[in-house]
Each structure stands twice: as structure tokens, then as C-alpha cells.
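S.K.: I have a structure I would like to understand better, so I am pasting it below and will then ask my questions one at a time.
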Amino acid sequence: MKPSELNFITHDIIDKGTFNVTSPEMMDEARRYNMDMVTNAAIKRRTDVVTGIWFVAHLPLPFLWVCFMLANRTLSDMGAYGAGDFGQIMTYAAIGAVMLGLVAYYGLMGYYIIFRFQRDPKLVLLCSLPVLLAMFPLGFLIVGINVIMAWWYTKTDEKLSKEAGYPAFVRLIVTTVESDSKSILNLTYDSIKARTKHWRSDDEEFL
């Protein structure tokens with residue numbers, strides 16, 4: 001629900017977390033509001049979980065790729081060395097570039113994307129670029145998925161930010177306490193119905 005669609009629930013009520021209803025209309029709005037909170041909270045949680053799982057779970061891939069690549073190149077270099085073809089041997093500069101890209105990628109992703117929970121697509125792109133040094137050309141796939149995940153998260157969060165209750169989407173605790181009662185001990189179901197009777201027709205049910 002958009003804030004403009006709310007007639008009885010105010011920002012202060014949302015912050016307080018409780019809503020005292022005194023009419024069927026207020027109860028209906030509270031019911032619809034809480035249903036939307038459940039839906040929006042589920043969408044936000046799903047987006048957080050899916051993007052978070054990807055950004056964490058894919059981290060071993062560059063390391064495993066580098067290990068596989070270095071092992072493969074070592075065997076290839078041994079063959080080239082035995083044949084006297086020293087021009088095919090992987091240089092220390094190439095190995096250094098690979099390791100630098102791997103360390104930079106882990107450092108940037110770990111600090112900005114995981115620790116600080118940044119999801120801006122441009123920042124994710126910049127943090128992802130070092131992986132190209134570690135696993136070229138397969139690194140383009142990693143970069144692409146990272147940016148897509150960040151874009152999806154940002155778009156979803158931007159849409160949810162226009163909904164009431166953002167970002168926590170906590171359901172309201174609905175009460176039926178009469179505001180002018182001297183003591184809660186004096187409340188009865190009949191007294192609540194009597195207070196709201198003028199809000200409804202005789203054939204309608206409340207509570």
C-alpha cells in the first residue's frame with residue numbers, strides 16, 4: 001500500500017507499531033496493511049537472500065580457477081622447458097597480475113559488497129573488474145552476473161521504498177481499546193461493539 005492510500009494509519013502509528021481501531025473501516029485498513037507488510041517483507045527478504053547468497057557463494061570460483069589455471073600452465077611450462085621453448089613459459093609478471101587481480105577482487109568485494117552491503121550496480125561493476133585479471137575471459141561472466149544481481153536488488157528496493165512501512169515492513173499490532181476508557185478492566189466485547197455501532201449498519205459484523 002502506498003502512503004497516500006492510507007486513511008487512518010499514519011507515519012507515527014507505523015513507527016509505534018500499534019494501531020487502535022474503533023471502526024470496521026479502520027479494521028479493514030489494518031488488515032490490508034498487515035497483508036501488504038507480509039508480502040513486501042517476503043519480497044525484500046527474498047531479494048536480500050538471493051543476492052547475498054550469490055555474492056558469497058561464488059567467491060571460491062576465482063580461487064579455484066586460478067589454482068586450475070596455474071596447475072595447467074605449470075604442466076605446460078614443464079613441457080615447454082624440456083623442449084627448450086622458453087618463450088611459451090608463463091612469466092612472473094603474468095603470475096603477479098593474476099594474483100593481484102585475485103587479491104583486489106576479494107578485497108573490494110569483501111569490504112564494499114559483503115561487509116558494507118553496497119548494491120549500487122556501478123560500484124559492483126568497479127569492484128568486479130579485477131576478477132578479469134584472475135580469470136580472463138571467464139571473468140566477464142562473473143562481472144555480468146554481479147552487475148545483474150546488483151541491478152535487480154536496486155530496482156526491487158526502489159520499488160519497495162515507495163510502499164508504506166519501508167524498509168522494515170513490520171506488521172501492526174491491532175488493538176480495540178477504547179481511547180476514552182478510564183481503565184482497561186472496564187472494557188468488554190459489548191462495549192467495543194456499542195462504541196462502533198454508529199460506524200456500521202445493523203446487519204454488519206465487527207470483530
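Laboratory data are not the source of any read-out in this text; all were calculated from the coordinates shown. Here the structure is a predicted model, which means the values were calculated and not measured. Cβ coordinates were reconstructed from backbone atoms using ideal geometry, including for glycine residues, and neighbour counts include every protein chain displayed.
S.K.: Through the Karplus equation 6.51 cos²θ - 1.76 cosθ + 1.60, θ set to phi - 60°, convert the phi angles of the stretch 35-49 into ³J(HN,Hα) values in whole Hz; use x for Gly and Pro.
M.R.: 5, 5, 5, 5, 5, 5, 5, 5, 5, 5, 5, 5, 5, 4, 5
S.K.: Residues of the stretch 129-161 with amide nitrogen under 20 Å from the 7 Å Cα-to-Cβ point of Arg32?
M.R.: 160-161
S.K.: By its C-alpha gyration tensor, with a ≥ b ≥ c as the square roots of the eigenvalues, how is the stretch 57-160 shaped: rounded for a/c under 1.5, else prolate for a/b larger than b/c, else oblate? Before the final figure, lay out each step's value.
M.R.: Values: a/c = 3.55, a/b = 3.08, b/c = 1.15.
Since a/c reaches 1.5 and a/b is larger than b/c, the shape of the stretch 57-160 is classed as prolate.
S.K.: Something else now. Check which residues have an amide H placed less than 5 Å from Val174's amide H, if you skip close sequence neighbours.
M.R.: Under 5 Å from the amide H of Val174 lie the amide H atoms of Phe19, each far enough along the sequence or on another chain.
S.K.: Apply 1/(1 + (r/R0)^6) to the Cβ-Cβ distance of Asn7 and Asp157, taking R0 = 35 Å, and write down the FRET efficiency to the nearest 0.05.
M.R.: On the way: r = 27 Å, r/R0 = 0.76.
Approximately 0.85, to the nearest 0.05.
S.K.: Shifting gears a bit: Identify the chymotrypsin sites (Phe, Trp or Tyr not before Pro) of the stretch 117-174 meeting these criteria: DSSP loop state and at most 14 other C-beta atoms within 10 Å of the C-beta.
M.R.: On the way: sites: Phe117, Phe140, Trp151, Trp152, Tyr153, Phe169; in loops: Phe117, Phe169.
Answer in residue order: Phe117.
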